[in-house]
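The values are calculated or read from the model by the stated rules, or taken from the named source; none is laboratory data. Everything numeric here is computed off the predicted structure, so don't read it as measured data. Note that we place each Cβ from the backbone using ideal geometry, even for glycine, and neighbour counts take in every protein chain shown.
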Amino acid sequence: MKFIHNKKGYDLHLTGNPSQQVSPRETPEFVALVPDKIPFVKPRLKVKQGSRVQLGSVIFEDKRNPEFKFLSPGGGRVAEIVFGPRRVIQQVVVQLDRDEQHESFSSCTESQLDSMSRTSLVDAILKGGLWCLFREFPFGDIPRPEVQPPSIIVSLDSREPFQPDPAIYLADRVDLLAFGVKILRKLSDEVHVSLHQDNEAIAGQLKGVLTHRVSGPYPTGDAGVLLYRTKQHPHENKAWYISGQDLLLLAELIKTGKYPVERTVVLAGSLAHEKLHIRTRMGAPLKFISGETSQSPEHSRYIVGGIFRGYAAEKESFLDLYATSLTILPEGDKKELFGFARPGLKKPTRSRTFLSSLKTSPFEVDCGLHGEKRACINCGYCDDVCAVDILPQFALKSTLTGEVEESLAHGLLDCVNCGLCTFVCPSKIDICAILRQAKNEYYKEIS
Ligand code: SF4
Ligand code: SF4
């Protein structure tokens, strides 16, 4: 076991934390696949509106690599295919049957897994539609199956506010996780499984599985930060990663031969009707997860995937393939009279701009910028919080001036898109989004 302490980062303490209570939800009427939120994939539809599908039927494949299949999270009828601008497929919605039928895939026991070849295992994961749960550094694309990665990193927890607690999603499923790790060991010689030091409750049950204990503020626990702290050779930059919950899905598929869809999702944020963990299914509707909100929807924002890394979503949309959290916050679109002259007791600040820096209790945040965008003032706050030592302000400037090589030299490819630089920037520059876009464009150029 290795212990790694990460000094840089930032923990934002907010009101609206989820309780440890787990609420199972009834089956929703509709579920959906959201291709729009799967990076780099170019979907080719395999169904039409009105088609009958089973749980696990192919809904679309990736045009770049047709082996990558994306399966239906439910059995029933394709009720709607939503296209966006330039006919980008945004959602494929399935209305569930009362008596859902499901596809069957090959399964194996632990001893069969031991003697299984890598090729057969890869084939089983590809056909079972879960290869897309693997992502490859540094760009986050789905990796090519024939490549053996230098290592696979499993991150069991994240310090980002309002994410599922591993003690909850792993309850009674530790054996399944161990089975999942065994699968990964057939795919790569090096498998790293990390857990934050704060999660002592579940650590005792994970002996023999955990390889790293990490400590420090957000984004400690992130697979990219672990890679940055542990890598010794450039070839390790091509490691793969998968989240703890996704590894459970993978293990279940191989063990049972059935496409797994159970998700533990956190519903949180100051405007969430309830703040708790919810056992639901992949692709569930957001309004089904959220229940009622205490304010009218036009003044609340639905954030899928985390407040630093997620995105604002329509209330009528669905959980994407990777999402495990829904946060509801006030929009923050109301004008504040003489806001510039107020001491800011209720506004979080890392730069000690407001009197609130003296406060230790959690904040109720909204989504307002509370200021105008302006030029970089070289304050260095973004550098202070960057866990992978990028010097974001310099990477940003070289990116904006089109100096890609310089941006790469500053460590653009190490950026883990944690969003902290954007959060702390007093000039309100969305540094993270600019760097992410630069990284994606560079990837498209070289691939
Ligand atoms: S540059 Fe990337 S890793 Fe560093 S703080 Fe910004 S988003 Fe996070
Ligand atoms: S935090 Fe914003 S203003 Fe400060 S150095 Fe970074 S980019 Fe510039």
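Conditions tested, residue by residue: (1) more than 17 Å from I434 (Cα to Cα); (2) more than 10 Å from ligand 2 (Cβ to nearest atom); (3) out of contact with any Gly (no Cβ under 8 Å at 6 or more places or on another chain); (4) without any contact (Cβ under 8 Å) to a residue 40 or more places away in the chain.
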site: T353; (1), (2), (3), (4): yes, yes, no, no
site: S356; (1), (2), (3), (4): yes, yes, no, yes
site: C367; (1), (2), (3), (4): yes, yes, no, no
site: G371; (1), (2), (3), (4): yes, yes, yes, no
site: C379; (1), (2), (3), (4): yes, no, yes, no
site: D384; (1), (2), (3), (4): yes, no, yes, no
site: P392; (1), (2), (3), (4): no, no, yes, no
site: L396; (1), (2), (3), (4): no, no, yes, yes
query = Looking at (1) buried (at least 21 other Cβ atoms within 10 Å of the Cβ); (2) of a type outside the set (D, E); (3) under 20 Å from the mean Cα position of the chain (by Cα), can you tell me which one L253 breaks?
reply = (3)
Search result, residues across the range 357-397 that are crowded, with 17+ Cβ neighbours inside 10 Å, under 19 Å from R342 (Cα atoms) and aliphatic (A, V, I, L, M) = V365
Residue pairs meeting the criteria (Cβ under 7 Å; at least 6 apart or on separate chains; first farther than 23 Å from Q95 by Cβ, in the range 33-48; second not charged (D, E, K, R)) = P39/G140; V41/P35
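Here's the yes/no breakdown for (1) modelled with pLDDT of 95 or more; (2) surrounded by 21 or more Cβ atoms within 10 Å (Cβ to Cβ); (3) in the same structural domain as P39 (by TED's automatic domain parsing); (4) among the hydrophobic types (A, V, I, L, M, F, W, C):
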position: L55; (1), (2), (3), (4): yes, yes, yes, yes
position: G74; (1), (2), (3), (4): yes, yes, yes, no
position: G84; (1), (2), (3), (4): no, no, yes, no
position: V94; (1), (2), (3), (4): yes, yes, yes, yes
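Given the condition outside the structural domain of E236 (by TED's automatic domain parsing) and within 16 Å of ligand 2 (Cβ to nearest atom), answer yes or no: does some residue in the range 340-349 qualify?
Filtering the range 340-349 down to residues outside the structural domain of E236 (by TED's automatic domain parsing) leaves 340-349.
Then keep just the ones that are within 16 Å of ligand 2 (Cβ to nearest atom); that gives 348-349.
Yes, some residue in the range 340-349 is outside the structural domain of E236 (by TED's automatic domain parsing) and within 16 Å of ligand 2 (Cβ to nearest atom).
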remark   = Scanning the range 133-163 residue by residue, those out of contact with any helix residue (DSSP H, G or I) (no Cβ under 7 Å at 6 or more places or on another chain) and closer than 19 Å to T327 by Cβ turn out to be S158, R159, E160, P161, F162, Q163
ask   = Of the residues that make up the range 227-236, is at least one modelled with pLDDT of 95 or more and crowded, with 22+ Cβ neighbours inside 10 Å?
value = yes
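Do any strands (runs of 3 or more DSSP E) entirely within the range 215-325 hold 3 or more residues that are in contact with a helix residue (DSSP H, G or I) (Cβ under 7 Å, 6 or more places away or on another chain), and if so, which? Show your work before the answer.
Values: elements: 240-243, 262-268, 276-281, 300-304, 311-313.
Counting at least 3 such residues, we get 262-268, 276-281.
Restricted to the range 434-447, and to residues that are more than 9 Å from ligand 1 (Cβ to nearest atom) and either of a type in the set (S, T, N, Q) or free of Cβ contacts under 8 Å to residues at least 24 places away in the same chain (or both), which residue is nearest to G310 (Cα to Cα)?
Here is the first cut: in the range 434-447, the ones more than 9 Å from ligand 1 (Cβ to nearest atom) are 434, 437-447.
After this cut, where a residue has to be either of a type in the set (S, T, N, Q) or free of Cβ contacts under 8 Å to residues at least 24 places away in the same chain (or both) as well, the list is 437, 440-441, 444-447.
Working: Q437: 15, N440: 17, E441: 20, K444: 22, E445: 25, I446: 27, S447: 26 Å.
Top of the filtered list is Q437.
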note = Pairs returned, first residue in the range 98-122 that is under 16 Å from L250 (Cβ atoms), second residue that is of a type in the set (A, V, I, L, M) and assigned to a loop (DSSP other than H, G, I, E, B), beta-carbon separation under 8 angstrom, 6 or more apart or interchain, are C108/M116
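Does N417 satisfy being more than 13 Å from ligand 2 (Cβ to nearest atom) and touching a Cys at 6+ places or on another chain (Cβ under 8 Å)?
Numbers: more than 13 Å from ligand 2 (Cβ to nearest atom): yes; touching a Cys at 6+ places or on another chain (Cβ under 8 Å): yes.
Spelling it out, N417 is indeed more than 13 Å from ligand 2 (Cβ to nearest atom) and touching a Cys at 6+ places or on another chain (Cβ under 8 Å).
Considering only the range 73-88, I want to know if a residue exists there that is part of a strand (DSSP E or B) and either touching a Pro at 6+ places or on another chain (Cβ under 8 Å) or of a type in the set (S, T, Y) (or both). Steps first, please.
Initially, the range 73-88 is screened for residues part of a strand (DSSP E or B), giving 76-83.
Next, only the ones that are either touching a Pro at 6+ places or on another chain (Cβ under 8 Å) or of a type in the set (S, T, Y) (or both) stay: none.
No - not one qualifying residue is present in the range 73-88.
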inquiry  = If a residue must be assigned to a loop (DSSP other than H, G, I, E, B), touching a Ser or Thr at 6+ places or on another chain (Cβ under 9 Å) and surrounded by fewer than 19 Cβ atoms within 10 Å (Cβ to Cβ), how many such residues does the range 126-144 contain?
reply    = 1
message = Restricting to the range 352-407, and then to whatever is in contact with a helix residue (DSSP H, G or I) (Cβ under 9 Å, 6 or more places away or on another chain) and aromatic (F, W, Y), can you tell me which residue is farthest from ligand 1 (Cβ to nearest atom)?
response = F363
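Assess whether V209 counts as being out of contact with any Ser or Thr (no Cβ under 9 Å at 6 or more places or on another chain) and in a loop (DSSP other than H, G, I, E, B). Please lay out each step first, then the result.
Working: out of contact with any Ser or Thr (no Cβ under 9 Å at 6 or more places or on another chain): yes; in a loop (DSSP other than H, G, I, E, B): yes.
Yes: the conditions hold for V209.
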request  = Would you check if there is a residue in the range 200-219 being touching a Pro at 6+ places or on another chain (Cβ under 6 Å), free of Cβ contacts under 8 Å to residues at least 60 places away in the same chain and not acidic (D, E)?
outcome  = yes
note = The lone condition P343 fails out of (1) on the phi < 0 side of the Ramachandran plot; (2) at pLDDT 95 or above is (2)
